[in-house]
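The values are calculated or read from the model by the stated rules, or taken from the named source; none is laboratory data. These figures come from a predicted structure and were not determined experimentally. In this analysis, Cβ positions are derived from the backbone assuming ideal geometry, glycine residues included, and neighbour counts consider all displayed protein chains. Remember, those area values only see protein heavy atoms, side chains included, never the ligands or the DNA or RNA. Shrake-Rupley method; radii C 1.70, N 1.55, O 1.52, S 1.80 Å.
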Amino acid sequence: MNYLLISPNFPKSQEYFAKRLSEKGITVLGIGTETYDELSPRLQEVITEYFKVNNLEDYNEVLKAVAFLTYKYGKIDRVESNNEYWLELDAKIREDFNIDGVKPSQLLLTKYKSRMKDVFRKAGARVVEGLSISNKEELAPTIETLGLPVIAKPDNGVGAANTYKLFTQEDVENFRNTWDESVSYFLEQYIDNAVLCTYDGLIDSEGNVVFDTSFTYSLPTLELINKAQDYYTDIEPKIDEKLVELGKNIVKEFGMKERFFHIEFFKLPGGEYIALEYNNRIAGGITIDLYNYAYNCDLCELYAKVVVGEEVPKYETDNYTATVSRRNKYNYKYSEDDVNIEYHEKIRMVEYVPTVFAEAMGDVIFIVTVGSKEELIEIIDFIQEKID
């Protein structure tokens, strides 16, 4: 089997996917913009051949690279980037070279927030009502129909980037003046007093969920970006059965196979879930490490098992595991050394976040694993306590 990794040097987790795939006897190939010498030693060890291109945005250049690798090694069986930005490129390569996996037509369902809602409804999920707009003339009548407050987000966008809270008419005018109409926006009703959570996992080649988990955000991502606050995300031992049933119905309705998924929900005070967004990939940042520490597993190994058709064991956890952020702009009561000394047996990992992601994620992230929610909150408070 030939497996093509797009941009194998980023995100960092790519090298672990490459290693696990190679260990299954798969020929791992790569295309990216870095030179071979810039690849990590692990990638250099496991990638059979790497083709450097000047620009992954230049599809003709990428096309020639894939054609060369196909000529040399035979048919490409799989192609992945594990990166939201390159999902469309992945899909186009699959279509043009008749490779199994998500094609551009399927990707449309997960690309546009407005289209996702139709799939959510078919799966029996409640959604936040909203409308798409493509020009400023449509803004006022849409606001009149939905009523304030609303959230305005790019219909085709990633995460909370370029998202606006429109609470007042002044907010609406500020958005109107900022928006250049180069992208369509989706306006949806604002939901208050809800907790942001996820249903995440891995799907096998038959469309079955073979690994699943859920984590909860202490703050919505929009708050993190706009107010640059500390936050944490945590995984508890048991996933709400209602969320599991709803999440699996959604996965089935989207019809994806042999890939990760990351679905975001609002959980209302009464326990009802509102489906927000389906992401056709694993959650970003160091979330894969969060999963691995929470369940004492290796998701790259589980994915490699799925690719070669091996059985994936069931993983559960009795622990409480969290990512806990800190930001350089704050003056914390306890230093990083203090944290590591006080809780050295509980701190599983410390990650220094690249500047490009720090606005949303924070500058430093600790991964913590403990046996109770009370102990978890104690450590979170210790890490994030500030000097007034």
**Complete:** Checked segment 269-301 for anything among the aliphatic types (A, V, I, L, M) and either within 18 Å of Val209 (Cβ to Cβ) or outside any helix (DSSP H, G or I) (or both); matches are Ile274, Ala275, Leu276, Ile282, Ala283, Ile286, Ile288, Ala294, Leu299
**Matching option when the condition is within 25 Å of Asp289 (Cβ to Cβ), surrounded by 15 or more Cβ atoms within 10 Å (Cβ to Cβ) and not small (Gly, Ala, Ser), among Ile31, Ile76, Ile26** = Ile26
**Message:** Here is a list: Glu236, Glu241. Which entry is open to solvent by 40 Å² or more (accessible area, probe 1.4 Å) and either in contact (Cβ under 8 Å) with a residue 40 or more places away in the chain or closer than 30 Å to Arg78 by Cα (or both)?
**Reply:** Glu236
**Message:** For segment 55-69, check the following and say yes or no: at least one residue is of a type in the set (A, V, I, L, M, F, W, C), in contact with a helix residue (DSSP H, G or I) (Cβ under 9 Å, 6 or more places away or on another chain), over 26 Å from Phe261 (Cβ atoms) and surrounded by fewer than 20 Cβ atoms within 10 Å (Cβ to Cβ).
**Reply:** yes
**Fill in**
By residue number, the members of segment 1-43 that are part of a loop (DSSP other than H, G, I, E, B), over 22 Å from the mean Cα position of the chain (by Cα) and of a type outside the set (Gly, Ala, Ser) are Met1, Lys24, Ile26, Thr33, Glu34, Thr35, Leu39
**Request:** Write out, first by first residue and then by second, each pair whose Cβ atoms fall under 7 Å of each other, whose residues are 6+ apart or on separate chains, and whose first residue, in segment 306-331, is closer than 16 Å to Gly201 by Cβ and without any contact (Cβ under 8 Å) to a residue 24 or more places away in the chain while the second is loosely packed, with under 14 Cβ neighbours inside 10 Å and polar (S, T, N, Q).
**Result:** none
**Any pair with Cβ under 7 angstrom, 6 or more apart, that starts in segment 53-74 at a residue that is in contact (Cβ under 8 Å) with a residue 60 or more places away in the chain and ends at one that is surrounded by 11 or more Cβ atoms within 10 Å (Cβ to Cβ) and in a helix (DSSP H, G or I)** = Val66/Ile93
**Prompt:** Which members of segment 119-150 meet the condition of being charged (D, E, K, R) and more than 19 Å from Ile191 (Cα to Cα)?
**Reply:** Lys122, Lys136, Glu137, Glu138
**Message:** For segment 244-256, give me each residue that is exposed (fewer than 15 other Cβ atoms within 10 Å of the Cβ) and among the small types (Gly, Ala, Ser).
**Reply:** Gly255
**Complete:** Condition set part of a helix (DSSP H, G or I) and touching a Ser or Thr at 6+ places or on another chain (Cβ under 9 Å), scope segment 79-109, selection surrounded by the fewest Cβ atoms within 10 Å (Cβ to Cβ): answer is Tyr85
**Prompt:** Restricting the search to segment 345-359, which residues are open to solvent by 40 Å² or more (accessible area, probe 1.4 Å) and either at pLDDT below 90 or touching a Pro at 6+ places or on another chain (Cβ under 9 Å) (or both)?
**Reply:** Pro354, Thr355, Val356, Phe357, Glu359
**Request:** Residue by residue through segment 191-231, note down the ones that are open to solvent by 40 Å² or more (accessible area, probe 1.4 Å), at pLDDT 95 or above and part of a strand (DSSP E or B).
**Result:** Thr216
